Each structure stands twice: as C-alpha cells, then as structure tokens.
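Read the figures in this text as sums done on the coordinates, not as results from a lab. Since the model is a prediction, treat every value here as computed from it, not as a measurement. A quick note on method: Cβ atoms are made from the backbone with ideal geometry, for glycine too, and the neighbour counts reach across all protein chains shown.
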Amino acid sequence: MMIRRLVQLFTGLAMYGISLAMFIRAGLGLDPWDVFHQGVAGRTGLSIGAVVIIISFLVLLLWIPLRQRPGFGTLCNAVLVGVFADVGLALIPSFSHLGGQIALLGGAVLLNAVASACYIGARFGPGARDGLMTGLARRTGWSVRVSRTLIEVVVLAAGWLLGGSVGVGTVVYALAIGPLVQLLLPRFMVPAAVPAQVRADGSGNEAAEETGEPVAAP
C-alpha cells in the first residue's frame, strides 16, 4: 500500500507540473495562483518553476500562525511541481494557431484534474496553497469556499498587475477543475488503514459497509 501511495504521489506531482507548463504554452490564461507565479517570474527573471518553489515555501510560513503542520506530501509538492513545470516548458512547444492552443488548454485542464486527484488521494498531506485555504477557514470560521475565493481573488489581482496571463483559460479552469477532481478523486483515493483491534472484532468492517467510507486510523 505504501508503495502505491508513493508512486501515486510522485506521479501526481509530476503531472501537475507538466500541466502548468501546458497552460503556459497554450497562451490562453492561467489559474489564479499561476497568474501570480508568472507575474513574479516576469518581474524577477526567475524561471516559473523556481518561483513556484519559492512561493510554496513562503506560503508555508503562513501556516505557522494558522497552526498547520505540513506532511511529507506537502514538502514534496513544494519542490516537485516547480521542477516539473520547468521540465515541461523545456519540452513543450508554444502553439501559434488557435486550434492547437485550445487542444493544449483542454489537455492541461484534464491532466491537472488527474494530477490533483492522484496526489490528494495518496493521503500525504495537502499542498501549501490548499493548506493555507483550509487553515484560514478553520481559524476564522469562514467556509472553505469563502476562504478559497478570497485567497484566489487576491493572488489573481496581484498576478494580473504583475503581468501574469489572464484569459479564457482562467475561466475554463475555474469552472471545470472542481467537478473534474470530484469525479476523479474516488478512483484514486487510497483507503485509510483500519486498526488491528477494529479488524479483530469486525466492527470496522460493519462501519465501512454502512457508510461506504473506509475506516480511518486514529
């Protein structure tokens, strides 16, 4: 089970970085955080991957007052997405005709959804940005939706002012990514381990059958 989780985690993070490169090469607009990353990269001269890594660790500093604790997957996410974004940009060409751009955008959205389901389903902890969202919701009492909207509006505005790419791809991503991840996540979610004492008396199996959910370890 652990090998599956690790393979799924690393595969998901690699695909996530490649999907970011596909969004950039499509040239039709990025998701809010990547608008910000691209804007910072344009102003600093750093690669987009380097900016993703730096921003990830800066966001992790914001976890401290929120009393969030990073997991193994959180730290891997902070490094590997940026690395594979730069790899993807080195391998994927830009498209000058609209048909190619639309196809690349569609592929990027789908790959990003699969990647998200993979690394979330591996159960190694949220990414830095997702953890900021959930931590803010928990500390303020706001809903996750409100916290996410607030954060993404701020970074989108900042990224746009810095020169990041906002366009139809931004809208497509916002509308499609949630439903796609929700559809794909059950296929990639690794069941949580059932404690030995629960398995011994069978109560865990009954709970799982009644709820349809895996029984989580304490």
Open item on the list: Explain nothing, just compute: Karplus ³J(HN,Hα) = 6.51 cos²θ - 1.76 cosθ + 1.60, θ = phi - 60°, for every residue of the range 27-43 in order, whole Hz, x for Gly and Pro.
Closed with: x, 10, x, 10, 6, x, 5, 7, 4, 5, 4, 5, x, 5, 4, x, 7
Task: Label-point gap, in nm, between S94 and V190 - each point 7 angstrom along Cα→Cβ - done: 4.0 nm
TODO: Please give the net charge around G159, taking every other residue with its beta carbon less than 15 angstrom from that of G159, where Lys and Arg add +1 and Asp and Glu add -1.
DONE: -1
Task: Separation of the L6 and R138 label points, Cα + 7 Å toward Cβ, nm - done: 2.7 nm
Open item on the list: Using only the alpha-carbon atoms, how far is helix 2-26 inclined from the longest principal axis of the chain? Give it as 0 to 90 degrees, nearest 10.
Closed with: 20 degrees
- [ ] Would you kindly calculate the translational diffusion coefficient of the range 60-102, applying Stokes-Einstein with the Kirkwood radius from alpha carbon pairs, for 4 °C and a viscosity of 1.567 mPa s, and quote it in µm² s⁻¹ without decimals?
- [x] 98 µm²/s
- [ ] Calculate one ³J(HN,Hα) per residue across the range 88-98 by plugging θ = phi - 60° into the Karplus curve 6.51 cos²θ - 1.76 cosθ + 1.60, and present them in order as whole Hz with x for glycine and proline.
- [x] x, 5, 6, 9, 9, x, 7, 10, 9, 9, 4
Task: Degrees between helix 168-188 axis and first principal axis of the chain (Cα, 0 to 90, nearest 10) - done: 20 degrees
Open item on the list: If you take percent of Cα pairs over 33 Å apart from the coordinates, which of (i) 18; (ii) 14; (iii) 10 do you get?
Closed with: (i)
TODO: Provide the per-residue ³J(HN,Hα) series for the range 133-150, in order, calculated from phi with Karplus coefficients 6.51, -1.76, 1.60 and θ = phi - 60°, each as a whole number of Hz, with x at glycine and proline positions.
DONE: 4, 5, x, 5, 4, 5, 6, 9, x, 6, 6, 4, 4, 5, 4, 5, 4, 4
